[in-house]
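Before any comments, here is the structure.
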Amino acid sequence: MVKKVMIVLAVLALFTLVAAQCSQPQVQEVQKVEEPTATQAQQVQEQPTAAQVAETQEVQESPQVVEVQEPSESRLDTVRKRGKLICGGNANLAGFGVLADDGSFSGFDIDYCKAVAVAIFGVADDSTLEIRPLSASDRPIALQTNEIDVLIRNTTYTLSRDTEWSANFGPTTFYDGQGMMVRKDSGIKTLEDMEGASICVQTGTTTELNLADQMALRGINYTPKVFPDAPSTIAAYEAGNCDGFTTDKSGLISQKQELANPDDHIILDVTMSKEPLGPAYAHGDDQWADIIDWTVYCTFSGEEFGVTSANVDEMAKTAEDPNVRRMLGVEGELGKGLGLDNDFCANVIREVGNYEEIYNRNLGPDTPFNVPRGLNSLWTDGGLLYAPPFR
Ligand SMILES: N[C@@H](CCC(=O)N[C@@H](CS)C(=O)NCC(=O)O)C(=O)O
């Protein structure tokens, strides 16, 4: 019996020993496996990370694709291939943008359309420049659909236009403010005298909004009468349908001349808003923005340095001032940096003139408008016109 028990214990001990020996390497194997498994676990964790990376790459790549697609052809290339600049303008505002019976456009803003065409093509004529007349309400759509390359149409720079129109604004070419015109015999001298008045105003403009703000601020009740364009607005005022007509002061000065008896009307001594007018262009093409901006600055600098359409070629030959030499492209390669000819600014001044020439041709003392320069004087004359250096 004892012998049997001894044998069973021996077998059990042997089994335990074998089992222990067998399990030992298993444990070691597991441990061995576990170490790499931990690495594998990291790798497994990294796999989704890699997927995430892939996803991230996709996210990063898609805007890159968009970026690449958008400027696949720059605006400058498009305009060059087309052979002409399409400039959104005004057809109804003498002095700024007006269409003549012969189909030609003229005005201060139109001259800036011409200046941009000259900067690109060296010349502005029917083959290199098309003016596309736009109503106030049509402006943002024309910009957003790329129907026009640039908008130069007595357009006020505001924050919401900067964002909602997806537009950028170039340098202000005309600092304006909103005014009010009334009949001289109405006895109205101030806005406060307009309690209960009806006021003609054009829709799609800052004018309409400023009028509401200003009248509310002053607690004046009034009835706005809203029209889609300048001719219908001024016609309604002239027909006596409104006591007042409001728009930018430049617009009032211009529209007053359209009336049968301009002297029967006065512009009140009040400025209801700030209206910085200048070129606007679609977001997304910095080179194009630079071209518009530096074309405008060229006209400011031309006036500042006394370079005119009459003397520009002489100045290009004889000027010693490096500022003038760089501006006219006889020294350095500033035009090339914009994708233009180095003498782009000399061409602009020769063909269109410096700011003073453009201003006087359209709005100066020899025109029916005779608008004082005021804020639209050079910074050196106490005004706001200031061009950064051509350097
Ligand atoms: N500067 C303002 C007003 C611009 C504006 O459209 N003014 C009118 C009144 S002078 C005009 O030019 N009308 C011409 C037209 O559309 O017939 C703006 O940008 O909203």
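For the pairs LYS84/LYS336; LYS84/LYS274; LYS84/LYS317; LYS249/LYS336, note any where the Cα-Cα span goes beyond 28 Å. Long pairs (Cα-Cα over 28 Å): LYS84/LYS274; LYS84/LYS317; LYS249/LYS336. Counted by neighbouring Cβ atoms within 10 Å, the residues LYS114, LYS84 run from fewest to most as LYS84, LYS114. Bridging of LYS256 to aspartates and glutamates at a Cα separation below 16 Å is possible for ASP185, ASP229, GLU238, ASP243, ASP248, ASP264, ASP269, once same-chain residues fewer than 8 apart are set aside. Inter-label distance, ARG218 to ASN323: 4.1 nm, where each label sits 7 Å from its Cα along the C-beta direction.
The fewest-to-most ranking of LEU217, LEU85 by surrounding Cβ atoms within 10 Å reads LEU217, LEU85. Magnitude of the charge dipole for the range 214-361, about its Cα centre and with charges confined to Cβ atoms of Lys, Arg (+1) and Asp, Glu (-1), is about 460 debye. Under 5 Å from the amide H of ARG373 lies no amide H of any residue 5 or more positions distant or on a separate chain, with H modelled from the backbone and absent for Pro and chain starts.
Using the Cβ-Cβ distance between VAL226 and GLU331 with R0 set to 56 Å, the FRET efficiency from 1/(1 + (r/R0)^6) comes to roughly 0.55. The amide H of SER198, built 1.01 Å from its N in the peptide plane, has THR223, ASP243, GLY244 as neighbours under 5 Å, considering only residues 5 or more places off or on other chains. Relative to one another, the C-alpha centroids of the range 362-391 and the range 126-170 are positioned 23 Å apart.
Which translational diffusion coefficient, to the nearest whole µm²/s, is obtained for the range 178-273 from the Stokes-Einstein equation, given a Kirkwood hydrodynamic radius over C-alpha pairs, 37 °C and 0.692 mPa s? After rounding, the answer is 254 µm²/s. Gain on full extension, evaluated as 0.36 nm per residue between SER127 and GLN257 minus their Cα-Cα distance, stands at 43.6 nm. Over the range 178-273, what is the percentage of antiparallel beta bridges among all DSSP beta bridges, to the nearest 5? Antiparallel bridges: around 50 percent, rounded to the nearest 5.
Footprinting exposure proxy ranking of VAL123, VAL348, fewest other C-beta atoms within 10 angstrom first, gives VAL123, VAL348.
So the label point goes 7 Å from the Cα of THR271 along Cα→C-beta, right? Which residues of the range 153-175 then have their backbone N under 16 Å from it? Within reach of a label on THR271, which here means backbone N under 16 Å from a point 7 Å along Cα→Cβ, the range 153-175 contributes 156-157, 172-175. Applying 1/(1 + (r/R0)^6) with r as the Cβ-Cβ distance of ARG361 and GLU314 and R0 = 22 angstrom yields a FRET efficiency of 0.60. Computed over the range 145-205, the quotient of the alpha carbon radius of gyration and 2.2 N^0.38 Å is 1.59.
None of the figures in this text is laboratory data; all of them are computed from the coordinates on show. From a predicted model like this one, the values you see are computed outputs, not experimental measurements. Cβ coordinates were reconstructed from backbone atoms using ideal geometry, including for glycine residues, and neighbour counts include every protein chain displayed.
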